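Below you'll find the structure, written out as structure tokens, and then a few comments.
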Amino acid sequence: MAALNDWPWHYWRQRAPDDLALRIDDTRLSWAQLAELIDQKSAEFVRMGVHAGDGVMLRGKNSFRLLLSYLGLLQIAARCLPLNPQLPAALLQQLLPRLDISHKIDLTEDVAAVEEKPGVSISHPWPSCHRHWQFAAWQPSRAATLTLTSGSSGLPKAAVHPLAAHLASAEGVLALLPFSRQDSWLLSLPLYHVSGQGIVWRWLFAGATLVLGEEQPLAQALQGCSHASLVPTQLWRLLEQQQLPSSLHDVLLGGAEIPLALTERAEQAGVRCWCGYGLTELASTVCAKRADGRPGVGQPLPGREVRIVDEEILVRADSLALGYWWSDGILPLTDVDGWFHTRDRGRWQQGELCVAGRLDNLFFSGGEGIQPEDVERILLGHAQINLVFIVPIDDAQYGQRPVAVIDSEGVVSLQTLLAWVEDKLINFQRPVAVLQLPEQLKNGGIKISRREVQQWAEQQL
Ligand code: 4YB
């Protein structure tokens, strides 16, 4: 795409009006049709009293309505906060006032309810023809989206991204990963997470096709798609159930450690795997590489810089958020030199970045430091273990000791596990108990909360 000076859907409407923009199950929309529907959606929001700069909550699972609402809100210069429908009401009650949210769009209800800003009247008649309203000018540096981080403690923070950051994110990824106008990327991850928004902005940047599966299971939704973004557990499941469609040729992985065994199996099955490292604050991917049988996530993409200081990964990038929204203002998130301190531990190995885990997850047992992710990486090598969390449990003698919470094929006892790790883990890293991950912690989001796993494990022991 040449330098953009208009809304991407207007850009593509002008250049390729009849090209396929969107496929939702069996429905197909061209850029001309899509741009028209987005314009109508924007007009609807204006009629409801949403003004430029207003904070608008957009709660719902991925759907066509959710996507149209996201794009329609951006087009009237609202500040859009896509929200995970599973966030507890008590948390929202605390959080939303601090994010200056004046309108709530809840697509989980049968009929979308839009709560109006107090004092805003919607009783004035509005011309039925939506062309009477004027959408906002394309202003790439304006605060456009709020995306919640999954912080390990306290209230989540809301990273504020301008449109320019989303586009810079897309441009950097597509400098590495081929995605052309004939290709189609499934919206395989939620829009309330940067990984979902990353898909949308790559699609808008490339003028390709976006596919929505609405209520379909992943394997079915993937039919006919050339690209998808997946977290490792999703790709494992597809491989195990032999459900990879033949159309799928590129998968961008991320969000967690990417096991070598996974990319090796998927590449053998004919899928090109791209290993990514990304964060909410950076509007998704920072580093990426084509899977090559070595651990690591490659080098920084164009537009990103990475440094490691005292084992911590620092990032500077044109995809970085403006800051965190907090009570009518934006709190900075970088140091004076513009570096964002990720709290991830990392090192350079053979010229590429290796992510070791979260600094905050480190705990001590009998004076020895345990980085849970180091132990988890090894346990994942056990054929029956699909997912594992090592969490600290208080202990009078050692301070804390490691407990393994696992999702496994069949039962893996502590005894079996200890025999298997005999030559793989140092004494102090060996789990003192094994618990089965309960269903209620698999919350349907893209990540299971380590904090919730730990709290649950504490109650069991
Ligand atoms: C990692 C990690 C890695 C993140 N190894 N720890 O478009 C994409 O890049 C994408 C594609 C598929 C799936 C996910 C994505 C993402 O965007 C992921 C972005 C993300 O997870 N953001 S987050 O704010 O929720 O979490 C960030 C944290 O996740 C990082 O700080 C790391 O701790 C961890 N992480 N990629 C090991 N490859």
Rg ratio (alpha-carbon, reference 2.2 N^0.38 Å) - the stretch 362-460
1.02
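Ignoring any ligand, DNA or RNA, what whole percent of the accessible area of the stretch 362-460 comes from carbon and sulfur when the probe is 1.4 angstrom?
Ligands and nucleic acids excluded, carbon and sulfur reach 48 percent.
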Just to confirm a number: summing +1 for Lys and Arg and -1 for Asp and Glu over residues other than residue 98 whose beta-carbon lies under 11 angstrom from that of residue 98, what do you get?
-1
Less than 22 Å apart at the alpha-carbon level, and either on another chain or at least 8 residues along: which lysines does that give for residue 104?
41, 61, 117, 157
Would you grab the residues whose amide H sits under 5 Å from the one on residue 364? Only those 5+ places off in sequence or on another chain, please, with H modelled 1.01 Å from N.
370
Placed amide H near residue 291: partners under 5 Å, 5+ positions off or other chain
273, 274, 275
Result for the stretch 265-393: accessible area per residue, probe 1.4 angstrom, in square angstrom, of 43 Å²
Size of the dipole of the chain about the Cα centre, Lys and Arg at +1 and Asp and Glu at -1 on the beta carbon, nothing else charged, in debye to 20?
700 debye
Taking the Cα centre of the stretch 263-415 as origin, sum charge times position over the Cβ atoms of Lys and Arg (+1) and Asp and Glu (-1), and report the length of that vector in debye to the nearest 20.
500 debye
Rg in Å to one decimal, and Dmax rounded to a whole Å, for the stretch 332-373 via C-alpha atoms
13.4, 38
Selection from 400, 331, 269, by position along the positive dipole direction of the chain (Cβ):
331
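Go through 1, 48 and list them by solvent-accessible area, largest first, probe radius 1.4 Å.
Result, largest first: 1, 48.
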Residue 383/residue 327 FRET efficiency (R0 41 Å; Cβ-Cβ; nearest 0.05)
0.20
Estimated FRET transfer efficiency when R0 is 45 angstrom, pair residue 428-residue 216 (beta carbons, to 0.05)
0.45
Please compute the contact order of the stretch 401-461 in relative form: average sequence separation of alpha-carbon pairs under 8 Å and at least six residues apart, divided by the residue count, as a percent.
43 percent
With both partners inside the chain, how many of the DSSP beta bridges are antiparallel, as a percent to the nearest 5?
65 percent
Karplus-derived 3J(HN,Hα), 6.51/-1.76/1.60, for each residue of the stretch 395-406, Hz, glycine and proline x:
8, 4, 7, 9, x, 9, 9, x, 10, 9, 10, 10
Excluding residue 290 itself, what net charge comes from residues whose Cβ is under 10 Å from its Cβ, given Lys and Arg +1 and Asp and Glu -1?
-1
If I take every Cα pair under 8 Å that is 6 or more residues apart in the chain, average their sequence separation and divide by the length, what percent do I get for the relative contact order?
11 percent
Tell me which of 433, 193, 319 sits at the most positive position along the dipole axis of the chain, charges placed on C-beta atoms (Lys, Arg +1; Asp, Glu -1).
319
Specify the longest stretch of the chain that does not include any exposed loop site, a site being one of the trypsin sites (Lys or Arg not before Pro) with a non-H, G, I, E, B DSSP assignment and at most 15 other Cβ atoms within 10 Å.
182-423
In a shell of Cβ-Cβ distance under 12 Å around residue 452, excluding residue 452 itself, what net charge do Lys and Arg (+1) and Asp and Glu (-1) give?
+3
Residues with amide H under 5 Å of residue 319's amide H, sequence separation 5 or more or different chain, H placed in the peptide plane at 1.01 Å from N; which?
none
Between the residues 279, 164, 245, the Cα farthest towards the positive end of the dipole of the chain, that dipole coming from +1 and -1 charges on the beta-carbon of Lys, Arg, Asp and Glu, is from 164
Return the distance in nm (one decimal) between the two label points of a simple spin-label model at residue 441 and residue 141, each offset 7 Å from Cα along Cα→Cβ.
4.6 nm
Within the stretch 300-341, report the GluC sites (Glu not before Pro) that DSSP leaves as loop and that have at most 14 other Cβ atoms within 10 Å.
311
Rounded to two decimals, what ratio of Rg to Rh does the stretch 8-355 give with C-alpha atoms and a Kirkwood Rh?
0.96
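The values are calculated or read from the model by the stated rules, or taken from the named source; none is laboratory data. In this text, all values refer to a predicted model and were calculated from it rather than measured experimentally. Cβ sites come from the backbone with ideal geometry, for glycine too, and all protein chains shown count toward neighbours. Each accessible area value is taken on the protein alone, full model and side chains, heavy atoms only, with ligands, DNA and RNA left out. Shrake-Rupley method; radii C 1.70, N 1.55, O 1.52, S 1.80 Å.
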